[in-house]
Amino acid sequence: MQFRDLGAQYKVLKTEIDAGIHEVIDSSAFILGKTVTELENMLAEYVGRKYCIGCANGTDALQLALMIWGVGPGDAIFTSDFTYFASAGTASILGATPVLVDIDLETFNISPEALEKAIQKVLAEGKLKPKAIVPVDLFGQPADFTMILPIAEKYGLKVLEDGAQGFGGSLNGRRACSFGDMSTTSFFPAKPLGCYGDGGAIFTDDAEVDARLRSLRAQGKSSVDKYDNREIGMNSRLDTLQAAILIPKFKAFVEYELDAVNRVANWYTQRLKDMFVTPIVPEGFYSSWAQYTILMDSRDERYVMQKYLKTQGIPSMVYYPRGLHKQEAYRWMNLDDSDYPNTIEATSRVLSLPMHPYLTEDDVDTVVKTMMKGR
Ligand SMILES: Cc1ncc(COP(=O)(O)O)c(C=O)c1O
């Protein structure tokens, strides 16, 4: 069994994907061009934003967005402690300071209460200027924007939604990648909408920001002359071959894959809910199930289970084994475990199970029966 079966998906979509790849090669138009524009337009319309700007990966997407606001030394960027490193690392690489915030243990997303306390603490200390919040849509479920957006407004902060895992999710009918001032996503192969390499995108409703992002992803060039550089930018374009691969994948994602992963999640939850803490999708939220993650009783129980599953050919993953405050790269911040009780719980107990749209009910039964034996 595969953790995320990209081969099964390719079998279904092979004709369209291969045709898209060959069209790009036949045209020799490898950099940007109509295929990238077509994809950008489809994605913007789907999430409900005016503009989508493709770029090289989800990390660059975050960095480019922060560059738009001139984020740099002295700025505090608030983000979740329980996420992939890029959510915070992109602030650091620009010289800003990530302020890591504990999570809500039910949803694994940033805790709005802890967020407000962290903002107040930074203000009281007076060393850093609170600049932006980067809420992460972890495991496919949007962060709690109904709480986060009013906090951002109260303190005059920008909001950059890290939707790398959230594409396809929604909150009260509004799609992920449409919240806050800007949003980003990643097309890393294992993401809800993944390509066959690296890719990412930024979403905005602001025409000026759209134009600047198109410039910043290409060395800060002017819109008419590639060799007229107006500001310091990156080389971070979405590869045209990846865009060609994403177009048929996006159609499948919308037509049936999103429904399929939700069906798989329900099968798991029905069978596992009396044995483990299964994922909670609160009223109004809809997940794109980047991961199906349960909480085991303890680190030891997880260790034994993961080992047993492996012997039975069932892959499982620990996303994430440590909070960002425990990363060596952030040791200099001297952050204390006592400020992150929920991250500590999550990192000790989470276990992610195989999850993708091509899992059958029999596959889920196999995983569950094996877990029952492995207990
Ligand atoms: C929450 C989150 N943010 C950012 C990223 C970065 O995306 P990429 O790997 O495309 O650079 C990822 C993906 O790995 C992620 O999971």
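Every read-out reported here was derived from the displayed coordinates using simple, explicitly stated rules and does not represent laboratory data. Since this is a predicted model, take the numbers as computed values, not measurements. Quick reminder, even Gly has a Cβ in these numbers, built from the backbone with ideal geometry, and neighbours come from all protein chains shown.
Tabulated values for the structure
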| quantity | calculated |
| --- | --- |
| Proximal charge balance of Tyr308 [Cβ under 14 Å; K/R count +1, D/E count -1] | +4 |
| Directionally averaged shadow of the range 99-139, computed from the convex hull of its alpha-carbon atoms, nm² | 2.9 |
| Part-to-part distance (alpha-carbon centres) for the range 247-312 and the range 118-164, which is given in Å | 27 |
| Stretch gain in nm, segment Glu38-Val254, where the contour uses 0.36 nm per residue and the Cα spacing is subtracted | 76.2 nm |
| Cβ-based charge dipole, the range 225-323, positive-most Cα from Tyr292, Pro321, Gln270 | Pro321 |
| Cβ-placed point charges (K, R +1; D, E -1), dipole of the range 1-81 about Cα centre in debye, nearest 20 | 100 |
| Cα lying deepest toward the dipole's positive end in the chain, options Phe82, Val159, Ile202, charges on Cβ | Phe82 |
| Local electrostatic count, Val318, Cβ distance below 11 Å [Lys/Arg +1, Asp/Glu -1] | +4 |
| Cα-Cα over 29 Å, subset of Lys191/Lys310; Lys11/Lys273; Lys34/Lys191; Lys11/Lys34 | Lys11/Lys273 |
| Under 18 Å from the Cα of Lys154 - lysines, other chains or at least 8 residues apart | Lys117, Lys121, Lys129, Lys131 |
| For the range 290-375, radius of gyration divided by Kirkwood radius, i.e. Rg to Rh on alpha-carbons | 1.07 |
| Value of [θ]222 nm, deg cm²/dmol, for the chain, DSSP H segments ≥ 4, -39500 (n - 2.57) each, nearest 500 | -13000 deg cm²/dmol |
| 10 Å beta-carbon shell around Ala44, net charge (K/R +1, D/E -1) | -2 |
| Size of charge dipole - the range 151-196 - debye, nearest 20, with Cβ of Lys, Arg +1 and Asp, Glu -1, no other charges | 80 |
| Distance from the range 343-369 to the range 1-53 (C-alpha centre basis), Å | 28 |
| Other-chain or far-sequence residues with amide H under 5 Å of Arg175's (modelled H) | none |
| J(HN,Hα) series, the range 35-46, from Karplus relation 6.51 cos²θ - 1.76 cosθ + 1.60, nearest Hz, glycine and proline x | 5, 5, 4, 4, 5, 4, 5, 4, 6, 4, 4, 4 |
